[in-house]
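**Student:** Just passing along the structure, written as structure tokens.
The values are calculated or read from the model by the stated rules, or taken from the named source; none is laboratory data. Computed from a predicted structure; not experimentally measured. Please note: Cβ atoms are built from the backbone with ideal geometry, for glycine as well, and neighbour counts cover all protein chains shown. For the accessible areas, the whole protein counts, side chains as well, though only heavy atoms, and no ligand, DNA or RNA atoms are used. Shrake-Rupley method; radii C 1.70, N 1.55, O 1.52, S 1.80 Å.
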Amino acid sequence: MLDTCTLSVEDRADDLNRRYGELSPAELIGTMAYHFFPERMALVSSFGADSVTMLSIVAEVKPDLPVLFLQTGKHFDETLRYRDEIAKRLGLTNIIDLYPEPLALAKEDPDGTLHARDQDACCAIRKVHPLARALRPYDAWITGRRRHQTFARRQMPVIEADGRHVKLNPIAAWSQEDVDAYIDARDLPRHPLVADGYPSIGCAPCTARVAAGEDARAGRWGDSGKTECGIHWMR
Ligand code: SF4
């Protein structure tokens, strides 16, 4: 067996992916959390439309795993209430709120309207930089991303390198039907805005309802062409 600690992050991620990428999501998270990255791994969750799936899997395996939540200051009130409800229901004991740097906000977005002028800059201040700071103590992080969601995610491996981190995408291969079946089988509560026409939920100013038959993420960032907030392209 390779000592993966001596490899580059890219080679280590490739090796882990070859050996463990076919495990079930719960087995994968357990293996990584207890054997490869003990105390050095976190889940990043938006507590959005389908987030309860990954949160539930983590709660089954390691309920005290750090769950990083970006308090962008622009969430729907429903998201913040849902976050508290889900944490209590699943018994997640280690949710960590991440806030934008106050000085950066004061300088770049003093009136809170940067999202209307420069969404990339707003996401950088409110998401990318806070998460980059928060991930410094960790070697690995988990996402709930799936290949079917966007063109850019189509080739996404289950385990990949992301800068100096190993990133796990345990449900990369799951379809929307798989996610819905998982949620229904456990009678997990849905984000309340899903029933109101929001199949993908981010910050309130950048999330719109989606018409029947439209792509689930069509309501994110409007017609700007932006499809990702940038946290998955940190280097
Ligand atoms: S999603 Fe919108 S409001 Fe939220 S950080 Fe990005 S640009 Fe700003």
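**Student:** Under 9 Å between Cβ atoms, which residue pairs at least 6 apart in sequence (or on different chains) link something in segment 44-69 that is under 13 Å from PRO170 (Cα atoms) with a partner that is assigned to a loop (DSSP other than H, G, I, E, B) and among the basic types (Lys, Arg)?
**Tutor:** Once the first residue is under 13 Å from PRO170 (Cα atoms) and sits in segment 44-69, its partners that are assigned to a loop (DSSP other than H, G, I, E, B) and among the basic types (Lys, Arg) give SER56/ARG186.
**Student:** Out of all the residues in segment 161-177, is one or more more than 30 Å from SER8 (Cβ to Cβ) and open to solvent by 60 Å² or more (accessible area, probe 1.4 Å)?
**Tutor:** yes
**Student:** May I ask you to list the residues in segment 89-107 that are more than 30 Å from ILE183 (Cα to Cα) and either in contact with an Asp or Glu (Cβ under 9 Å, 6 or more places away or on another chain) or surrounded by 20 or more Cβ atoms within 10 Å (Cβ to Cβ) (or both)?
**Tutor:** PRO100 - this is the single residue of segment 89-107 that is more than 30 Å from ILE183 (Cα to Cα) and either in contact with an Asp or Glu (Cβ under 9 Å, 6 or more places away or on another chain) or surrounded by 20 or more Cβ atoms within 10 Å (Cβ to Cβ) (or both).
**Student:** Something else: Please state which one of VAL67, VAL61 is open to solvent by less than 60 Å² (accessible area, probe 1.4 Å) and out of contact with any helix residue (DSSP H, G or I) (no Cβ under 6 Å at 6 or more places or on another chain).
**Tutor:** Going through VAL67, VAL61 in turn, just one is open to solvent by less than 60 Å² (accessible area, probe 1.4 Å) and out of contact with any helix residue (DSSP H, G or I) (no Cβ under 6 Å at 6 or more places or on another chain): VAL67.
**Student:** Which of the residues belonging to segment 30-58 are open to solvent by less than 20 Å² (accessible area, probe 1.4 Å) and farther than 30 Å from ASP77 by Cα?
**Tutor:** Those that are open to solvent by less than 20 Å² (accessible area, probe 1.4 Å) and farther than 30 Å from ASP77 by Cα: GLY30, MET32, ALA33, PHE37.
**Student:** Within segment 205-216, can one find any residue that is open to solvent by 60 Å² or more (accessible area, probe 1.4 Å), modelled with pLDDT under 95, over 14 Å from SER46 (Cβ atoms) and not in a loop (DSSP other than H, G, I, E, B)?
**Tutor:** Taking every residue of segment 205-216 in turn, at least one turns out to be open to solvent by 60 Å² or more (accessible area, probe 1.4 Å), modelled with pLDDT under 95, over 14 Å from SER46 (Cβ atoms) and not in a loop (DSSP other than H, G, I, E, B).
**Student:** Oh, and also: For segment 29-72, what are the residues that are farther than 23 Å from GLN149 by Cα and in a loop (DSSP other than H, G, I, E, B)?
**Tutor:** PHE37, PRO38, GLU39, ARG40, LYS62, PRO63, ASP64, LEU65, PRO66, GLN71
**Student:** So, one more: Where residues in segment 108-144 are among the basic types (Lys, Arg) and in contact with a strand residue (DSSP E or B) (Cβ under 9 Å, 6 or more places away or on another chain), which of them is surrounded by the most Cβ atoms within 10 Å (Cβ to Cβ)?
**Tutor:** ARG126
**Student:** Testing SER46 on (1) small (Gly, Ala, Ser); (2) under 14 Å from ALA140 (Cβ atoms); (3) touching a Gly at 6+ places or on another chain (Cβ under 7 Å), one condition comes back false. Which one is that?
**Tutor:** Result: SER46 passes all but (2).
**Student:** Then there is this: Tell me, yes or no, whether segment 163-171 has at least one residue that is out of contact with any Asp or Glu (no Cβ under 9 Å at 6 or more places or on another chain) and at pLDDT below 95.
**Tutor:** Within segment 163-171 (the criterion being out of contact with any Asp or Glu (no Cβ under 9 Å at 6 or more places or on another chain) and at pLDDT below 95), the answer is yes, since at least one residue qualifies.
**Student:** Consider CYS5 against the criteria (1) out of contact with any strand residue (DSSP E or B) (no Cβ under 6 Å at 6 or more places or on another chain); (2) modelled with pLDDT of 95 or more; (3) not in a loop (DSSP other than H, G, I, E, B): it satisfies all of them except one. Which criterion is unmet?
**Tutor:** Among (1) out of contact with any strand residue (DSSP E or B) (no Cβ under 6 Å at 6 or more places or on another chain); (2) modelled with pLDDT of 95 or more; (3) not in a loop (DSSP other than H, G, I, E, B), CYS5 violates only (2).
**Student:** Still on this structure, I have one more. What pairs come up if the first residue lies in segment 184-206 and is in contact (Cβ under 8 Å) with a residue 60 or more places away in the chain and under 15 Å from ALA218 (Cβ atoms), the second is away from the ligand (no atom under 16 Å from the Cβ) and part of a helix (DSSP H, G or I), and their beta carbons are under 8 Å apart, counting only those six or more places apart or on different chains?
**Tutor:** Pairs found: ILE201/VAL194.
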